[in-house]
Amino acid sequence: MAAVQGSRHPAAAIEAKWRRRWAERPEGGGDRLPRPGRPKHYALTMFPYPSGDLHIGHWYAMVPADAHARYRRMCGDDVIFPMGFDAFGLPAENAAIRHGIHPLRWTRENIARMRGQLRSMGASFDWSREVVTCEPAYYRWNQWLFLRLFERGLAYKRFAPVDFCPTCNTTLAREQVVGPERVCERCETPVTRRDLDQWFFRITAYADELLDFGGLDWPERVVTMQRNWIGRSEGVQFAFGVRGRPDATFEVFTTRVDTIYGATFCVLAPEHPLVASITAPERRADVEAYQAQAARRSEIERLSTERERTGVDTGAEAVHPLTGEPIPIWIGDYVLASYGTGAIMAVPAHDERDFDFARRHGLPIRTVIAAEGEAAVPGAAHTGPGRMVASGRYTGMRNEDGARRLAEDLEAAGIGRRRTNYRLRDWLVSRQRYWGTPIPIVYCARCGMVPVPDADLPVLLPEDAQFLPTGESPLRHHEGFRRTACPRCGGPAERETDTMDTFVDSSWYQYRYLSPRDDRAPFDPAAAAAWLPVDVYTGGVEHATMHLLYTRFFTKAMRDIGLTNLSEPMPRLRNQGVILGENSEKMSKSRGNVVNPDDLVDRYGADVVRVYLMFIGPWEAGGPWNPQGIEGPVRFLARCWRLAADPYPPPAQGAPDGGELRRRIHRAVRDVTADLERFAFNTAVASLMTLSGDLAAHRDAGGDRAAFREGMLVLALLLAPLAPHLAEECWALQGGEGSVHDQPWPTFDPALAAEESVTVVLQVDGRLRDRRAAAPTASEDELRVLALESPKVQAAVAGRPVARVVVVPGRLVNVVTGA
RNA sequence: GCCGGGGUGGCGGAAUGGCAGACGCGUCCGACUCAAAAUCGGAUGGGGCGACUCGUGCGGGUUCGAAUCCCGCCCCCGGCACCA
């Protein structure tokens, strides 16, 4: 392709040509092991849901991940960079209900379309390892893993109140309920409560281990979010007796035993099992009315942002375990049945919620911690540290010491025990929907709950289900699916009709990529041992407390089952930000600010879109789309192409030799390498823009041709991860051999990259007064003399005594005057 | 409320103790052109004719020297939010 003076590069033709050539190269085979003698590198980017169209957000996530993988490959690593589809989930089923198209067909058509769009990105995905989670070859192993968890008691069924989305018509995991209004994360409908038999994974068994982030190179905020989500808290659990009821006791949990002498009442959750039996006859009507109201409140939307701490007196009294004093027992919905013991001791003087409740209901407030060094705030609880007062033999102790002593003493006396509670709940995995993995369990009238034998897997999802939004799984109404024979006794039995949460699919997909067609095991242990763990995992922060917690749990559980010896699946994690619309709002069809990558590729070519997305700013920051800004990368790549394609001008009189250009080439290699290592794609692009400018200037001045060609080849190499098509074209135009992507990453000579001469800044009292050129190796003494000789420095010193001269070799001299 | 991240030209951003604003967008001026596009060159934080001076959310501090470190505050974004 001949260059036309001053023109833009023919992106479409160049990209089509190279993509054709690349397609002729053999693919990896999908399950090969790392080549001996080379470090392996497993690059993984979160796989997409096949929603139908590739969004600019997918490009923003995947292009830099691809650039990094390509860079590692040129560095000599044996890289795998697989891609697949997270293909089960609600949108497919909703499309089926709305448009009468089968979820399988809808999903497969979307995948076919998205595969093409993904190819247009020019990413180095290894398609031979592709995984599609809605195919039986994949979900069969969800079922297999479910059974292994079931055998270990890590999957269990329990009748429990669960969050239910009336719009999606299914139960939700706790993590899928968001905000104080408790709405469905998908459709923002307020969730309701249902009491159902549900399947759970016992993630809480790993709560403490999940809190260990040692050795993880993860963004701080993700670690913090997981830590808060797990919500470990240490305290003491002990029992209160009920006055006049020697048979009845209830346990409370507190993190503040030091305030135990300040407990002036107790509060039980409205659902607490003891409430019915201890309520005084004259209080029964009020208590039952309150219970009914509380039950309704958790079912109906809770829109009131101002939380009133309501409650009613049961008329019963608890016996304080240390003082023997009777204190009233109330019920109130600010005490959660699902946390701790569902009951608390209330210490209004030192807990804001209890304080508020006591004020509202006229209950006594007793101070037992004296605020030290800070004024007591009138009309508020003192929650900070202090000396214990009115606390029996603990009076006078610092509250931290008192807490320790009280915990020991309560334990010794057999009254209470130290205990750790977690905010984390077990993972609710059953969904009353069709488009998911069937749970491989059979119910037999004679044998009870029976797991489907491994040999009978997969339990296939029948294709001829009815899609009606009934709130029950469509499988429940599918007689052919539901009726089966008991695997144990052969008698008539029924299948479980719930399907699994789609987060199960993505909890172990990184294993499946290693041997995607293995039909004897979920993955090949030899491949797993060779390739895992994932070296770099990239994706959005929105998965911080769901997917990333679940996949850590899965790896730990799989380790304990004996399937792997890993404890952490993804030791290194990087998050990209979010690309916003031109108006800085979230992109959405309803806002009309969606940027379509296909249109951009048609107009500018994939390389330009890639480079622009990386140049926009720090990857983790994201930011608004600026349609004008893309002109920068357009011009930059066009210039690279013209430099490679235009004929070289004849040598000029007094033209530069290659020295300065070579220095700049080495500096570019140094900077781009460091930037790609640290995922700083924006500054890597900036360095390449600078190099292309240096090459253009050298050429226009008729400089040394050998140095220019050397620089052009380096430019093509450095550009290869970022703009793979154009880099290939430039490499070929400059006579590079083979594919640019098969070349080793260029190295630099630090001595050559160093400046020949540096500008040393001369300051007087920290203010800039002059600049001088000096050798980078100039000694402190030389620089000091240089500064003191400067007329501008002398003028600024103005005859005052020089107190000190600070010299930073290679950088600056600061002359400090005065006494 | 608690936790985390952030605030730098007209805009995206660079610089993590040493020349603030790399690189780019935009704008202005010039070259090429019949003209335009494309391309190339120059200018571009504010003030001042100038020597200079002010300037990284605000106020203080440490330091020869602070966008960068420390203290206090304001604002923006994200997460969690009755978890005892």
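Summary of computed values
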| item | result |
| --- | --- |
| Residue count for the stretch A:794-808, restricted to those that are in contact with a helix residue (DSSP H, G or I) (Cβ under 9 Å, 6 or more places away or on another chain) and more than 10 Å from RNA strand B (Cβ to nearest atom) | 3 |
| Residue that is nearest to RNA strand B (Cβ to nearest atom) [pool: residues in the stretch A:414-430 that are part of a loop (DSSP other than H, G, I, E, B) and farther than 30 Å from A:Asp501 by Cα] | A:Ile415 |
| Members of the stretch A:356-368 found to be part of a loop (DSSP other than H, G, I, E, B) and farther than 20 Å from A:Phe250 by Cβ, listed by number | A:Gly362, A:Pro364, A:Ile365, A:Arg366, A:Thr367, A:Val368 |
| Residue satisfying all of: in the stretch A:727-776; of a type in the set (Val, Ile, Thr) and within 16 Å of RNA strand B (Cβ to nearest atom); farthest from A:Ala644 (Cα to Cα) among these | A:Val764 |
| Pairs, first without any contact (Cβ under 8 Å) to a residue 24 or more places away in the chain and on the phi < 0 side of the Ramachandran plot in the stretch A:752-769, second more than 9 Å from RNA strand B (Cβ to nearest atom) and part of a strand (DSSP E or B), C-beta under 9 Å, six or more apart | A:Ser757/A:Ala773; A:Ser757/A:Ala774; A:Thr759/A:Arg772; A:Thr759/A:Ala773; A:Thr759/A:Ala774; A:Leu768/A:Leu762 |
| Of all residues in the stretch A:482-500 being surrounded by 17 or more Cβ atoms within 10 Å (Cβ to Cβ) and out of contact with any strand residue (DSSP E or B) (no Cβ under 6 Å at 6 or more places or on another chain), the one that is nearest to A:Leu145 (Cα to Cα) | A:Met500 |
| Unique match (being more than 22 Å from A:Gly122 (Cα to Cα) and surrounded by 19 or more Cβ atoms within 10 Å (Cβ to Cβ)) among A:Ala701, A:Ala707, A:Ala716, A:Ala684 | A:Ala707 |
| Matching helices (runs of 4 or more DSSP H) fully within the stretch A:697-765 where at least 3 residues are within 28 Å of A:Gly810 (Cβ to Cβ) | A:705-719, A:750-753 |
| Lone unmet requirement of (1) touching a residue at least 12 places away in the same chain (Cβ under 8 Å); (2) under 30 Å from A:Glu209 (Cβ atoms) for A:Glu408 | (1) |
| Residues that are within 8 Å of RNA strand B (Cβ to nearest atom), touching a Pro at 6+ places or on another chain (Cβ under 8 Å) and not in a loop (DSSP other than H, G, I, E, B), drawn from the stretch A:324-355 | A:Asp354 |
| Meets criteria (touching a His at 6+ places or on another chain (Cβ under 8 Å), more than 11 Å from RNA strand B (Cβ to nearest atom), within 19 Å of A:Ala67 (Cα to Cα) and of a type outside the set (Gly, Ala, Ser)) for A:Leu676 | yes |
| Count - residues of the stretch A:307-323 that are within 12 Å of RNA strand B (Cβ to nearest atom) and farther than 30 Å from A:Leu424 by Cα | 0 |
| Selection count where residues are among the small types (Gly, Ala, Ser) and either assigned to a loop (DSSP other than H, G, I, E, B) or under 17 Å from A:Leu468 (Cβ atoms) (or both), scope the stretch A:62-110 | 7 |
| Yes/no for A:Val669 being within 7 Å of RNA strand B (Cβ to nearest atom), part of a helix (DSSP H, G or I) and hydrophobic (A, V, I, L, M, F, W, C) | no |
| Matching residues in the stretch A:786-804 - criterion: being crowded, with 16+ Cβ neighbours inside 10 Å and more than 17 Å from A:Ala774 (Cα to Cα) | A:Gln794, A:Ala796, A:Val797 |
| Positions within the stretch A:501-533 being acidic (Asp, Glu) and surrounded by fewer than 21 Cβ atoms within 10 Å (Cβ to Cβ), in sequence order | A:Asp518, A:Asp519, A:Asp524 |
| Residues within the stretch A:177-207 that are under 19 Å from A:Tyr422 (Cβ atoms), within 16 Å of RNA strand B (Cβ to nearest atom) and touching a residue at least 60 places away in the same chain (Cβ under 8 Å), tallied | 3 |
| Qualifying residue in the stretch A:447-469 (condition: assigned to a helix (DSSP H, G or I) and β-branched (Val, Ile, Thr)) | no |
| Subset of the stretch A:386-400 [farther than 10 Å from A:Ala370 by Cβ and in a strand (DSSP E or B)] | A:Arg398 |
| Top-ranked residue of the stretch A:214-236 - restricted to ones that are under 26 Å from A:Arg418 (Cβ atoms) and touching a Ser or Thr at 6+ places or on another chain (Cβ under 7 Å), ranked as surrounded by the fewest Cβ atoms within 10 Å (Cβ to Cβ) | A:Glu234 |
| Flag if A:Val594 is more than 15 Å from RNA strand B (Cβ to nearest atom), in contact (Cβ under 8 Å) with a residue 40 or more places away in the chain and either of a type in the set (S, T, N, Q) or in a loop (DSSP other than H, G, I, E, B) (or both) | yes |
| Candidates A:Leu600, A:Leu580, A:Leu573, filtered to the one that is hydrophobic (A, V, I, L, M, F, W, C), modelled with pLDDT under 95 and touching a Phe, Trp or Tyr at 6+ places or on another chain (Cβ under 6 Å) | A:Leu573 |
| Counted residues, the stretch A:150-164 - those being surrounded by 20 or more Cβ atoms within 10 Å (Cβ to Cβ), away from RNA strand B (no atom under 16 Å from the Cβ) and not in a loop (DSSP other than H, G, I, E, B) | 2 |
| Yes/no for A:Arg552 being without any contact (Cβ under 8 Å) to a residue 24 or more places away in the chain and outside any strand (DSSP E or B) | no |
| Residue that is surrounded by the most Cβ atoms within 10 Å (Cβ to Cβ) [pool: residues in the stretch A:555-591 that are of a type in the set (Gly, Ala, Ser) and either free of Cβ contacts under 8 Å to residues at least 40 places away in the same chain or at negative phi (or both)] | A:Ala557 |
| Residue count, the stretch A:237-255 (criterion: buried (at least 20 other Cβ atoms within 10 Å of the Cβ) and near RNA strand B (Cβ under 9 Å from one of its atoms)) | 3 |
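Let's see how each residue does on (1) modelled with pLDDT of 95 or more; (2) within 12 Å of RNA strand B (Cβ to nearest atom); (3) hydrophobic (A, V, I, L, M, F, W, C); (4) surrounded by 16 or more Cβ atoms within 10 Å (Cβ to Cβ):
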residue	(1), (2), (3), (4)
A:Asp607	yes, no, no, yes
A:Ile616	no, yes, yes, yes
A:Gly623	no, yes, no, no
A:Pro627	no, yes, no, no
A:Pro650	no, no, no, no
A:Gly654	no, no, no, no
A:Asp657	no, no, no, no
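The values are calculated or read from the model by the stated rules, or taken from the named source; none is laboratory data. Quantities reported herein were computed from a predicted structural model and do not represent experimental measurements. Here Cβ is always computed from backbone atoms with ideal geometry, including for glycine, and neighbour counts include all displayed protein chains.
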